[in-house]
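Contents: one structure, followed by commentary.
The values are calculated or read from the model by the stated rules, or taken from the named source; none is laboratory data. Just so it is clear, the structure is predicted and the values come from calculations on it, not from any experiment. For neighbour counting, all protein chains shown are included, and Cβ atoms are generated from backbone atoms with ideal geometry for every residue, glycine included. What goes into the accessible areas is simple: the full protein's heavy atoms, side chains included, and nothing from ligands, DNA or RNA. Shrake-Rupley method; radii C 1.70, N 1.55, O 1.52, S 1.80 Å.
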Amino acid sequence: MLVSCGTPGNKTVNEQQNEKDPGISVPTFNSDSAFYYLERQVDFGPRVPNTDSHRRCAEYLSETLSRFVDTVYIQETVVTAFDDSRLNIQNIIGSFNPGNRSRILLAAHWDTRPFADEDPDPENHYTPIDGANDGASGVAVLLEIARHLSEKPIETGIDIIFFDAEDYGIHSSYGESKPDTWALGSKYWAQNPHISNYSARFGILLDMVGAPDATFKHEGYSMYYAPNIVRRVWQTAQHAGYGSYFLNQRAGYVMDDHYNINNYRNIPTINIIHQDDSTDHGFFEHWHTINDKAKFIDKNTLKAVGQTVLHVIYED
Ligand code: AHN
Ligand code: ZN
């Protein structure tokens, strides 16, 4: 043998043992590849609806997805934001095995917030953000998962949805939270799915999955709508060795895309989202600031999440 990595009895360096069925191997998530997909998005600049960076990134995402999936759907529409502006948005959907009725939904938002309204410097409160963590990280992990699914196909139907206009929620200067101003793209999709009567057995949303030492806790709506999926995913993470990220602790309710999927489509969907009690807003340190940049992303966190989700879908 020319290359000898890993211990005897392991399959190849690119696969991991399936816990339930040792005959099945789970691909090894490549966090360098995921980080590359993250940088590609950030390089377009802030992906704010109605901007050129947003249009160009949409093209990149649909074109990249199309290299991996069987079918890409682009859902274009116009939604109305909290300030009555009209946003031209695109939900981008990639499907594996579109004919299989047994499906899993994976999602993240690809747009970025138009204003850094949580920045410590008020001068920045109307500056759009890079959204390396808040946006790009979830999309990057899902593109890397799509790449693995294309290389080692499974029978289950998988839909990867990149939602638009998640992060155009009301500016903090209004002093009200107005939950219905967030997650506009997923609300539209949940009420007008790309396939009429679309359903899936369960869904997993990724949001802010790239900060160093991120903590993923049992988010409120996830526990209300899909407690069994939360338990399954957290147990899978712990078996895979990521128990320091996936904590068995209850955390607050976050209005996010999974709420719309649960509420309007009745698909039990959880949110893997970084929640942190040590900040005032409850999220990662650079949330909605101009410092949500690629240099503050930790590949180990992308790996923890990506590998966990790969285990969940290949061992399903
Ligand atoms: C609210 O602040 C109401 N929801 C946060 C959802 C979010 C924003 N996820 C990423 N950015
Ligand atoms: Zn955000």
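Report whether or not TYR126 is more than 18 Å from HIS258 (Cβ to Cβ), open to solvent by 50 Å² or more (accessible area, probe 1.4 Å) and within 16 Å of ligand 2 (Cβ to nearest atom).
yes
Where in region 218-316 are the helices (runs of 4 or more DSSP H), entirely inside, with at least 3 residues that are within 14 Å of ligand 1 (Cβ to nearest atom)?
Answer list for region 218-316: 220-225, 257-265.
Suppose we keep only residues that are in contact with a strand residue (DSSP E or B) (Cβ under 6 Å, 6 or more places away or on another chain) and assigned to a helix (DSSP H, G or I) within region 142-170. Which one would you say is nearest to ligand 2 (Cβ to nearest atom)?
Among those residues, the one meeting the criterion is LEU142.
Return the residue satisfying two criteria in turn: it lies in region 39-55 and is farther than 30 Å from LYS178 by Cα and free of Cβ contacts under 8 Å to residues at least 40 places away in the same chain, and of such residues it is least open to solvent (accessible area, probe 1.4 Å).
Within region 39-55, the match that is least open to solvent (accessible area, probe 1.4 Å) is ARG40.
For the subset of region 285-316 comprising residues that are open to solvent by 10 Å² or more (accessible area, probe 1.4 Å) and of a type in the set (D, E, K, R), which member is nearest to the chain's Cα centre (by Cα)?
Looking at the filtered set, the residue picked out is LYS303.
State whether one or more residues within region 148-163 are over 30 Å from ILE24 (Cα atoms) and either touching a residue at least 24 places away in the same chain (Cβ under 8 Å) or more than 15 Å from ligand 1 (Cβ to nearest atom) (or both).
So far as region 148-163 goes, yes, one or more of its residues are over 30 Å from ILE24 (Cα atoms) and either touching a residue at least 24 places away in the same chain (Cβ under 8 Å) or more than 15 Å from ligand 1 (Cβ to nearest atom) (or both).
Given the criterion exposed (fewer than 13 other Cβ atoms within 10 Å of the Cβ), part of a helix (DSSP H, G or I), of a type outside the set (D, E, K, R) and touching a residue at least 24 places away in the same chain (Cβ under 8 Å), identify the matching residue among SER173, SER186.
So the residue among SER173, SER186 that is exposed (fewer than 13 other Cβ atoms within 10 Å of the Cβ), part of a helix (DSSP H, G or I), of a type outside the set (D, E, K, R) and touching a residue at least 24 places away in the same chain (Cβ under 8 Å) is SER173.
Are any residues in region 103-159 farther than 20 Å from HIS274 by Cα and hydroxyl-bearing (Ser, Thr, Tyr), and if so, which ones?
Residues satisfying the conditions are TYR126, THR127, SER150, THR156.
Can you confirm whether region 201-222 contains a residue that is touching a Pro at 6+ places or on another chain (Cβ under 6 Å) and either away from ligand 2 (no atom under 16 Å from the Cβ) or polar (S, T, N, Q) (or both)?
Yes; the residues of region 201-222 include at least one that is touching a Pro at 6+ places or on another chain (Cβ under 6 Å) and either away from ligand 2 (no atom under 16 Å from the Cβ) or polar (S, T, N, Q) (or both).
The rows are residues; the columns are (1) of a type outside the set (A, V, I, L, M); (2) farther than 28 Å from ALA190 by Cβ; (3) free of Cβ contacts under 8 Å to residues at least 12 places away in the same chain.
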| residue | (1), (2), (3) |
| --- | --- |
| SER222 | yes, no, no |
| ALA226 | no, no, no |
| ARG232 | yes, no, no |
| TYR242 | yes, yes, no |
| PRO268 | yes, no, no |
| ILE273 | no, no, no |
| HIS286 | yes, yes, no |
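Condition first: in a helix (DSSP H, G or I) and among the hydrophobic types (A, V, I, L, M, F, W, C). Now tell me which residues in region 189-206 satisfy that.
TRP189, ALA190
Suppose the filter is within 26 Å of THR181 (Cα to Cα) and in contact with a Ser or Thr (Cβ under 6 Å, 6 or more places away or on another chain); does PHE115 pass it?
No.
Is it true that some residue in region 96-118 is open to solvent by 10 Å² or more (accessible area, probe 1.4 Å), under 30 Å from GLN307 (Cα atoms) and within 12 Å of ligand 2 (Cβ to nearest atom)?
Checked against the condition, which is being open to solvent by 10 Å² or more (accessible area, probe 1.4 Å), under 30 Å from GLN307 (Cα atoms) and within 12 Å of ligand 2 (Cβ to nearest atom), region 96-118 yields no hits at all.
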